[in-house]
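To start, the structure under review is shown below, and the notes come after it.
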Amino acid sequence: MNYFMTEIDSAGTVAVDDTILVKGYETKAGSHILDGFVPLFSSDAVERLLKAGFTLRGKTHTGEFGLDLAGETSYHGVCQKTDGTLSTAAAEAVASGTVKQALCVDMNGAPRRGAALSGVDFLKPTYGTVSRYGIIPTACSGEQVGVCAADAEGVKELLSAIAGHDAKDGTSLPSEKYEYATDKDIAGMKIALVKELYDAAEESVKAAIDAYAAKLQKAGATVEEISLPDVKAYATAWQIMLSAETCNNISRYDGVKFGYRTPTYKDIDELYVNSRTEGMGFTAKMNVLYGSFVLSKNQYMICYDKSLRIRRLASEKMKEVFASFDAVLCPAMSFASVGEYDLAETFERTEKELLFTTIPNLTGIPAMVTGGVQLWTAAFGESTLLSIAGAVERSAD
């Protein structure tokens, strides 16, 4: 199976998804509108991993601008598992052993869903700990470069290499280096199980959560159910903000400076309209239209401004949760597998699945998928997530 839009080195051990710039190699973010775009520099994360001695295998296919469930909207190639179901190319490349690790941009949870579908680990770190310089921007206030690997040790290894302050990124936090651990004692840890998210999942997903909770309890942790009654409001707020930011960010793709240009136009207006119409897929267009609507004069205060306030409330709520608990346990998505479907449904389907992935993107806290389940913790608590995942993985050896 071909996971790569572009292969760089057949001996390489790390993949990067196609929203991350690698100097001299075409970068399309899964979209026809960026055909032919070759960056003149690499992202900070890529520069750091190369400096640390890692080698790149290639750039994996990704859904258009990362806006879908698990890569299914890519103009350049969809990743199907051996059973015919879908997953992200990066997660499948790791699961198959084609690469040891992968870098992916998490903006709406797609890399986390891919990790759950393929049975590997993915960690979205605290917002600002890994530079966003050199990624194709979509929803800047919530997107973050994360690491996919077969286990917690693999995640730790690569995350340690790429995390740290970058003066080129205005959202980068000041710490020059971050230390991560996979061996913190999880005995005595308190884990919160979110009732609303558990109840919204299919029975097979609930079974996976129950099994993981049992492993945590066997390791000495306690699992206690909590309620987040406003989680649907948080998901709605992030969809509004995501679409608004996407609308602003991809408006730069007009067929003039770089990327796809329509061969049929009479004037500048037709050049813009035809290039965008032909170059962007349905889901990208839906996000642009929705984003334009929520940013309009009559809707800005009702939609976008209110979403900013909800973000603050969500952050305060999570601080309250982590004052009593070490981590949160919940599904990564409502389903255990995803097959082919009518892509006209992607916007609606992805919006529903944001229920499970929104809070880490909205508030900037770290989130990890491991063993098919999702874990969250407080900002800068990556070692807690890695240690929980590591303890469960070691118990299975």
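The values are calculated or read from the model by the stated rules, or taken from the named source; none is laboratory data. Predicted, not measured: the structure shown is a model, and the values here were computed from it. Virtual Cβ from ideal backbone geometry, glycine too; neighbours counted across all protein chains shown.
Against the conditions (1) more than 28 Å from residue 276 (Cα to Cα); (2) out of contact with any strand residue (DSSP E or B) (no Cβ under 9 Å at 6 or more places or on another chain); (3) not aromatic (Phe, Trp, Tyr), where does residue 23 fall short? Just the number, please.
The single condition residue 23 does not satisfy is (1).
Across segment 139-198, what is the number of residues that are of a type in the set (A, V, I, L, M, F, W, C), in a loop (DSSP other than H, G, I, E, B) and farther than 29 Å from residue 218 by Cβ? Before you say what the answer is, go through the steps one by one.
From segment 139-198, those of a type in the set (A, V, I, L, M, F, W, C) are 139-140, 145, 147-150, 152, 155, 158-159, 161-163, 167, 173, 181, 186-187, 189, 191-194, 197; that's our starting set.
This time we only want the ones that are in a loop (DSSP other than H, G, I, E, B), so: 139-140, 150, 167, 173, 181, 186-187, 189.
From what is left, the residues that are farther than 29 Å from residue 218 by Cβ are 139-140, 167, 173.
Final tally of qualifying residues: 4.
Pairs, please: C-beta under 6 Å, at least 6 apart or cross-chain, first residue farther than 16 Å from residue 385 by Cα and in segment 311-328, second surrounded by 21 or more Cβ atoms within 10 Å (Cβ to Cβ)?
Final answer for the pair search is 311/362; 314/234; 314/362; 314/363; 315/363.
From the set of residues in segment 266-307 that are more than 22 Å from residue 66 (Cβ to Cβ) and of a type in the set (A, V, I, L, M), which is surrounded by the most Cβ atoms within 10 Å (Cβ to Cβ)?
271
Listed residues 82, 62, 126; which is assigned to a loop (DSSP other than H, G, I, E, B) and buried (at least 24 other Cβ atoms within 10 Å of the Cβ)?
Numbers: 82 fails: buried (at least 24 other Cβ atoms within 10 Å of the Cβ); 126 fails: buried (at least 24 other Cβ atoms within 10 Å of the Cβ).
None of the other options fit; the residue is 62.
Is at least one residue of segment 299-310 of a type outside the set (A, V, I, L, M) and at pLDDT below 95?
no
Kindly provide the set of residues from segment 326-365 that are assigned to a loop (DSSP other than H, G, I, E, B), in contact with a strand residue (DSSP E or B) (Cβ under 9 Å, 6 or more places away or on another chain) and either within 20 Å of residue 376 (Cβ to Cβ) or among the polar types (S, T, N, Q) (or both), ordered by number.
326, 331, 332, 333, 337, 364, 365
Give the residue, chosen from 44, 18, 35, that is of a type in the set (Asp, Glu) and farther than 22 Å from residue 159 by Cα. Before the answer, list the steps.
Working: 44 fails: farther than 22 Å from residue 159 by Cα; 18 fails: farther than 22 Å from residue 159 by Cα.
That would be 35, the only listed residue that is of a type in the set (Asp, Glu) and farther than 22 Å from residue 159 by Cα.
Would you confirm, using the coordinates I've provided, whether residue 99 is part of a helix (DSSP H, G or I) and among the β-branched types (Val, Ile, Thr)?
no
Determine, yes or no, whether residue 40 is surrounded by fewer than 24 Cβ atoms within 10 Å (Cβ to Cβ), without any contact (Cβ under 8 Å) to a residue 12 or more places away in the chain and either among the aliphatic types (A, V, I, L, M) or closer than 20 Å to residue 111 by Cβ (or both). Show your work before the answer.
Working: surrounded by fewer than 24 Cβ atoms within 10 Å (Cβ to Cβ): yes; without any contact (Cβ under 8 Å) to a residue 12 or more places away in the chain: no; either among the aliphatic types (A, V, I, L, M) or closer than 20 Å to residue 111 by Cβ (or both): yes.
Judged against the criteria, residue 40 is not a match.
From the list 19, 85, pick out the single residue that is among the hydroxyl-bearing types (Ser, Thr, Tyr) and at pLDDT below 95.
Details: 19 fails: at pLDDT below 95.
Exactly one of 19, 85 is among the hydroxyl-bearing types (Ser, Thr, Tyr) and at pLDDT below 95, namely 85.
For segment 49-65, name all the residues that are closer than 26 Å to residue 31 by Cα and small (Gly, Ala, Ser).
Answer for segment 49-65, where residues must be closer than 26 Å to residue 31 by Cα and small (Gly, Ala, Ser): 58, 63.
Hey, among 150, 115, 110, which residue is surrounded by fewer than 24 Cβ atoms within 10 Å (Cβ to Cβ) and hydrophobic (A, V, I, L, M, F, W, C)? Lay out the reasoning, then the answer.
Details: 115 fails: surrounded by fewer than 24 Cβ atoms within 10 Å (Cβ to Cβ); 110 fails: surrounded by fewer than 24 Cβ atoms within 10 Å (Cβ to Cβ).
Going through 150, 115, 110 in turn, just one is surrounded by fewer than 24 Cβ atoms within 10 Å (Cβ to Cβ) and hydrophobic (A, V, I, L, M, F, W, C): 150.
Okay, residues lined up against (1) aromatic (Phe, Trp, Tyr); (2) more than 16 Å from residue 331 (Cα to Cα); (3) surrounded by 14 or more Cβ atoms within 10 Å (Cβ to Cβ); (4) in contact (Cβ under 8 Å) with a residue 40 or more places away in the chain:
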residue: 201; (1), (2), (3), (4): no, no, yes, yes
residue: 213; (1), (2), (3), (4): no, no, yes, yes
residue: 216; (1), (2), (3), (4): no, no, yes, yes
residue: 223; (1), (2), (3), (4): no, no, yes, yes
residue: 230; (1), (2), (3), (4): no, yes, yes, yes
residue: 240; (1), (2), (3), (4): no, yes, yes, yes
residue: 256; (1), (2), (3), (4): no, yes, no, no
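Which of (1) crowded, with 18+ Cβ neighbours inside 10 Å; (2) closer than 25 Å to residue 160 by Cα; (3) among the small types (Gly, Ala, Ser) does residue 31 not meet, given it meets every other one?
(2)
Mind listing just one residue for me: the one in segment 6-26 that is under 18 Å from the mean Cα position of the chain (by Cα) and assigned to a loop (DSSP other than H, G, I, E, B) and, of those, surrounded by the fewest Cβ atoms within 10 Å (Cβ to Cβ)? Quick ask: steps written out before the conclusion?
Filtering segment 6-26 down to residues under 18 Å from the mean Cα position of the chain (by Cα) leaves 14-21.
From the residues that got through so far, the ones that are assigned to a loop (DSSP other than H, G, I, E, B) too are 18-19, 21.
Working: 18: 34, 19: 30, 21: 25.
Restricting to residues being under 18 Å from the mean Cα position of the chain (by Cα) and assigned to a loop (DSSP other than H, G, I, E, B), the top hit is 21.
Pull up segment 177-199, narrow it to residues that are surrounded by fewer than 14 Cβ atoms within 10 Å (Cβ to Cβ) and farther than 26 Å from residue 154 by Cβ, then point me to the one that is nearest to the chain's Cα centre (by Cα).
It comes out as 199.
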